[in-house]
Amino acid sequence: MSDPYVQRFSIAHEYPVYFTRDVFDPANRDFVAAVCRVEPARRHRLLFLIDRGVADAWPTLCPQISRYAEQYSDRIDLAAAPVVIEGGEASKNDPVLVDDLHARMHSLALDRQSFAVLIGGGAMLDMAGYAAATTHRGVRAVRVPTTVLAQADSGVGVKNGVNAFGKKNFIGTFAPPFAVLIDGRFLQTLGRRDTLAGMAEAVKVAVIRDRAFFGWIQDHAPALARCEPDRVDQLVRRCAELHLDHIATSGDPFELGSARPLDFGHWAAHKLEALTSHRLRHGEAVSIGMAIDTIYSAESGLCNRQTEAAMLETLRALGLPLWDDALALRAPSGKLRVLEGLAEFREHLGGELCVTMLSTIGQRLEVSSLDEARIAAAIGRLREAACA
Ligand SMILES: NC(=O)c1ccc[n+]([C@@H]2O[C@H](COP(=O)([O-])OP(=O)(O)OC[C@H]3O[C@@H](n4cnc5c(N)ncnc54)[C@H](O)[C@@H]3O)[C@@H](O)[C@H]2O)c1
Ligand SMILES: [Zn+2]
């Protein structure tokens, strides 16, 4: 047997995340600084893509962007007027939207040094981010996330994707953004339901990584449930920092291994989103998925009952759901449909199952198998707890 030639190189990734205010106010230089950070002397071509929900809620946004571009016309050049595209989960389910974006980037002759500036919620960022990452094998993407979930979690991370064949995120890439700008002002128009749903990801990262942050969420749950802007901003910032720290320090930013701690509660969540045809928001499904895995952890002796109670009480105090009737759906075989999510999760990881469970508040552990009868029992207990 001959020894192979071993090819080896590594690339350091770096992107700034700005926590800013009124990002397109001409007096605010953060955006232009972000775009010009690598080649400060150059004039950069930009295509703005805006989530329809954001454009509708902020009718002055497009003219504001045009004014901003005029103010910094020595540095930035709009390839076209800002384009409004569909947002929400439906945008990840419609392959035509990705084709349209590819066609638009082609007709505007965007090159690999051009920028796609993506302004929107997690779903639109995932879809348009995928289109940008696959145009010329990657045009530069600047993200301006506009929901709690996208600002605290998905928008600062390294993944994009769309749904296919009834599976969440079946198609997608790992593609670190060029820069991220987080402007809490956008959250003023986000509905209460989406604001609360986004908080589920903050509970997730707190419960698996940061006991003090979990305690902060518990202490401020009433204010958070009222969507008080200052508290929501604080939650977003801490959650984003933890998320970024995890990506930088976990040793597996592109998820090559099987452990996926940030997917706590997600095996059930992704299946519930599909089973409800996305009637449940991602964050709501994550809340229910974490509730199942918390009870499972307690039933298995991995965590104690106080941990279980603290977790369920915190989700409840934030106004997040613990139950959905889709959990009771059964296949003709009699098996709970949500259990299909386990096999799909294993397939997504590749090979070995590796599911994050709770050990105590702030600490997780990974298990390589789940007992389906015990999951079914946990779901039964969850129904009692949710209806109590
Ligand atoms: N890439 C990742 O790492 C990652 C991580 C977690 C979640 N996600 C994905 O994120 C998606 C969920 O994102 P989300 O919770 O942001 O929901 P969303 O993107 O579906 O947005 C919810 C709704 O709010 C609207 N909207 C967005 N910003 C608004 C604003 N400022 N004012 C008014 N309306 C606004 C949108 O148009 C949409 O109708 C899911 O598809 C999930 O899979 C991705
Ligand atoms: Zn998630």
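Going residue by residue through the range 114-122, is there one that turns out to be assigned to a helix (DSSP H, G or I), within 14 Å of ligand 1 (Cβ to nearest atom) and within 23 Å of the chain's Cα centre (by Cα)? Spell out how you get there, then give the answer.
The initial filter retains those residues of the range 114-122 that are assigned to a helix (DSSP H, G or I), namely 122.
Remaining after also requiring within 14 Å of ligand 1 (Cβ to nearest atom): 122.
So of that shortlist, the ones also within 23 Å of the chain's Cα centre (by Cα) come out as 122.
Yes; the residues of the range 114-122 include at least one that is assigned to a helix (DSSP H, G or I), within 14 Å of ligand 1 (Cβ to nearest atom) and within 23 Å of the chain's Cα centre (by Cα).
Evaluated against (1) away from ligand 2 (no atom under 16 Å from the Cβ); (2) open to solvent by less than 40 Å² (accessible area, probe 1.4 Å); (3) farther than 24 Å from Val162 by Cα; (4) of a type outside the set (Ser, Thr, Tyr), Gln234 falls short on exactly one condition, (2). One residue alone among Ser300, Ser359 is more than 23 Å from the chain's Cα centre (by Cα), open to solvent by 10 Å² or more (accessible area, probe 1.4 Å) and under 24 Å from Glu255 (Cα atoms), and that residue is Ser359.
Looking at Ala268, Ala373 in this structure, which one is more than 16 Å from ligand 2 (Cβ to nearest atom) and either of a type outside the set (Ser, Thr, Tyr) or open to solvent by 40 Å² or more (accessible area, probe 1.4 Å) (or both)? Break it down stepwise before answering.
Details: Ala268 fails: more than 16 Å from ligand 2 (Cβ to nearest atom).
Just a single option satisfies the conditions, and that option is Ala373.
One line per residue, one yes/no per condition, for (1) in contact (Cβ under 8 Å) with a residue 24 or more places away in the chain; (2) closer than 24 Å to Thr294 by Cα:
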{"residue": "Gly191", "(1), (2)": "no, no"}
{"residue": "Asp194", "(1), (2)": "yes, yes"}
{"residue": "Glu201", "(1), (2)": "yes, yes"}
{"residue": "Ile217", "(1), (2)": "yes, yes"}
{"residue": "Ala221", "(1), (2)": "yes, yes"}
{"residue": "Phe254", "(1), (2)": "yes, no"}
{"residue": "Leu262", "(1), (2)": "yes, yes"}
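Scan the range 317-344 for residues that are touching a residue at least 24 places away in the same chain (Cβ under 8 Å), out of contact with any Asp or Glu (no Cβ under 8 Å at 6 or more places or on another chain) and part of a helix (DSSP H, G or I) and jot them down. Of everything in the range 317-344, those that are touching a residue at least 24 places away in the same chain (Cβ under 8 Å), out of contact with any Asp or Glu (no Cβ under 8 Å at 6 or more places or on another chain) and part of a helix (DSSP H, G or I) turn out to be Ala317, Ala326, Leu327, Ala328, Arg337, Val338, Glu340, Gly341, Glu344. Of all residues in the range 144-170, those that are within 15 Å of Glu273 (Cα to Cα) and within 13 Å of ligand 2 (Cβ to nearest atom) have Cβ atoms under 6 Å from Cβ atoms of residues that are open to solvent by 10 Å² or more (accessible area, probe 1.4 Å) and of a type outside the set (Asp, Glu), 6 or more apart or on another chain, in Lys168/His270.
Mind checking whether some residue in the range 108-118 is closer than 22 Å to Gly283 by Cβ and more than 16 Å from ligand 2 (Cβ to nearest atom)? Walk me through it before giving the result.
Just the residues of the range 108-118 that are closer than 22 Å to Gly283 by Cβ, to begin with: 118.
Within this subset, residues satisfying the condition of being more than 16 Å from ligand 2 (Cβ to nearest atom) are 118.
The answer is yes; a qualifying residue exists.
Taking the conditions exactly as written (out of contact with any strand residue (DSSP E or B) (no Cβ under 7 Å at 6 or more places or on another chain), part of a helix (DSSP H, G or I) and open to solvent by less than 30 Å² (accessible area, probe 1.4 Å)), does Ala103 satisfy them or not? In short, no. Anything in the range 140-172 that is open to solvent by 10 Å² or more (accessible area, probe 1.4 Å), more than 9 Å from ligand 1 (Cβ to nearest atom) and more than 13 Å from the chain's Cα centre (by Cα)? List them, or say none. Of everything in the range 140-172, those that are open to solvent by 10 Å² or more (accessible area, probe 1.4 Å), more than 9 Å from ligand 1 (Cβ to nearest atom) and more than 13 Å from the chain's Cα centre (by Cα) turn out to be Arg140, Ala141, Ala164, Phe165, Gly166, Lys167, Phe170, Ile171. When Val54, Val32 are checked against the criterion of being of a type outside the set (Phe, Trp, Tyr) and either touching a Phe, Trp or Tyr at 6+ places or on another chain (Cβ under 6 Å) or part of a strand (DSSP E or B) (or both), Val32 stands alone in meeting it.
The values are calculated or read from the model by the stated rules, or taken from the named source; none is laboratory data. What you see is a predicted model, and the numbers here were worked out from it, not measured in a lab. Positions of Cβ are backbone-derived with ideal geometry, glycine not excepted, and every protein chain shown enters the neighbour counts. Keep in mind that these areas ignore ligands, DNA and RNA; they rest on the heavy atoms of the full protein, side chains included. Shrake-Rupley method; radii C 1.70, N 1.55, O 1.52, S 1.80 Å.
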